[in-house]
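Take a look at the structure set out below.
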Number of protein chains: 2
Amino acid sequence: MLLDMPGQAPSHCGDCQIRHRAVCAKCDTDELQRLEEIKYYRSFEAGQTVIWSGDHMGFVGSIVTGIATLTQTMEDGRTQMVGLLLPSDFVGRPGREIAPYDVVATSDIVMCCFRRKPFEEMMESTPHIAQRLLQMTLDELDAAREWMLVLGRKKARERIASLLAIIARRDATLKLASLQGKIEFDLPLTREAMADYLGLTLETVSRQISALKKDGVISVEGNRHVTVHDMDTLLQEAGDDTDGGILS
Amino acid sequence: MLLDMPGQAPSHCGDCQIRHRAVCAKCDTDELQRLEEIKYYRSFEAGQTVIWSGDHMGFVGSIVTGIATLTQTMEDGRTQMVGLLLPSDFVGRPGREIAPYDVVATSDIVMCCFRRKPFEEMMESTPHIAQRLLQMTLDELDAAREWMLVLGRKKARERIASLLAIIARRDATLKLASLQGKIEFDLPLTREAMADYLGLTLETVSRQISALKKDGVISVEGNRHVTVHDMDTLLQEAGDDTDGGILS
DNA sequence: TTAAACCTTTGATCTGCGTCAAAGAAGACT
DNA sequence: AGTCTTCTTTGACGCAGATCAAAGGTTTAA
């Protein structure tokens, strides 16, 4: 999950606008020009698989609009989501030919892509890009490890609360809204996708959401729209200490 | 988990020998000299906490000998291991002041450290280091996501088999031994530590190891020494497709 | 060698979540 | 508006793994 770098001019990368702060927040004009030259756009419909695990990956890029997921599937069909990709998140690995996970579009999405080879060549000659990617990757690593605690030790109710807290925080960050008091947002995932993220079944997800509703922690209208009445209460339900470590 | 880079001279970093391939596999002599100048050694006894979560981290470094773990603990004491640190693995984050996890020495360990500031300055001026760290971090990210599948979807028996497979493979890699047929190794972890890694209780770990013994998949002498009779069988028990994706 | 501390195994019981099943709701299309 | 499809909720029941408890091994130190 990426945050804006405060103090950086936001309109670096041509018509992508701030979307590429992930890649080029520190680039100078020259480097940006070169990024412009090798980039192109691709769209995918909701439900489409962008990249199959094991495929050759010809590009890297970032999400411009929409939501995608990173998932792993076992032979017998058990599925675990290992990442949630939001606008501005980076997809793909410099130096890796083969995709390790499925990337699936959860909504309609637009991606801005760079062919892998030229991107890697550019990385060689532009230290800032490797440094920026390192910071992004460290953030992702923290998120993955945070999630290992959720999957390994938290109870169903705590897992739901953790997920809601993450989504709420992301929305709150983008809106620069207060973290205290009410927060509303639309769930970007179906119950089944939530279950795949949380290591639960969709029935358990549904039951726990109902329970949080009944206990007045949240309210839900029309399946997707959630209101968190009090963020602190939610974080307590998530079993997190104070800020939940969900920061960053 | 780091592998040797084939074709690289192994004795780059002075008296650390190959231990710093992690950091300097691509460094030229000049850069290595500078690494030598800012490095120092620290030892810790088994059971000691090297770094407390939330502490200010004055250094980065790598494990020279011994085993350490990266763990997260909830207020009520529930613990999840989020990483296993073996010799040559990197500890710490350039650009991060605060340690996000506890680092605990599982055995007596020796670390080779660099003060964070000079190391970061060196990263600025030495693109190869950032690129090398990026590759390492991507490997760690893959390992963490692999583990998310284990924690989210695998059954107790599969989890044990997955852990044994990882340890066996690491030993096999270091010994350049065949991956077919018998493999023997010593478990670097107590049952409790295994449980913390696997998101189980120590009783369940013990029971499942007994079951794998009874079913002839492994044999164990003296609590720690394990013999895997057939690696393919173990990988099947782990629920992994063919090679288990444990590669890398 | 004996004791003490620790780690591991095994048993009995309990429970949270998965599984199976069926009945609502909410969109999407005609 | 009405039908279809997809998503969600709720219920009943069973089981894998947690919890509680105690005994058996292994290691360390005296």
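The values are calculated or read from the model by the stated rules, or taken from the named source; none is laboratory data. Not measured: the values here are computed from a predicted model. Glycine gets a Cβ as well: all are built from the backbone with ideal geometry, and neighbour counts include every protein chain shown. With ligands, DNA and RNA removed, areas are computed over all heavy atoms of the protein, side chains included. Shrake-Rupley method; radii C 1.70, N 1.55, O 1.52, S 1.80 Å.
The table below lists the values:
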item	result
Listing of strands (runs of 3 or more DSSP E) fully contained in segment B:45-121 that carry 1 or more residues being in contact with a Cys (Cβ under 6 Å, 6 or more places away or on another chain) and surrounded by 15 or more Cβ atoms within 10 Å (Cβ to Cβ)	B:59-65, B:109-115
Cβ-Cβ under 7 Å pairs, at least 6 apart or on other chains, segment B:121-138 side facing chain A (nearest Cβ under 7 Å), far side surrounded by fewer than 20 Cβ atoms within 10 Å (Cβ to Cβ)	B:Pro127/A:Pro127; B:Ala130/A:Pro127; B:Gln135/A:Gly95
Checking A:Gly92 against (1) at pLDDT 90 or above; (2) more than 15 Å from the chain's Cα centre (by Cα); (3) at positive phi, the condition it does not meet	(2)
Residue that is among the β-branched types (Val, Ile, Thr), within 15 Å of DNA strand C (Cβ to nearest atom) and touching a His at 6+ places or on another chain (Cβ under 9 Å), where the choices are B:Val205, B:Val217, B:Val150	B:Val217
Options A:His229, A:His225; residue that is in contact with a Phe, Trp or Tyr (Cβ under 8 Å, 6 or more places away or on another chain), open to solvent by 20 Å² or more (accessible area, probe 1.4 Å) and away from chain B (no Cβ under 14 Å)	A:His225
Residue that is modelled with the highest pLDDT, among those in segment B:176-193 that are surrounded by fewer than 20 Cβ atoms within 10 Å (Cβ to Cβ) and over 21 Å from B:Ile109 (Cα atoms)	B:Glu184
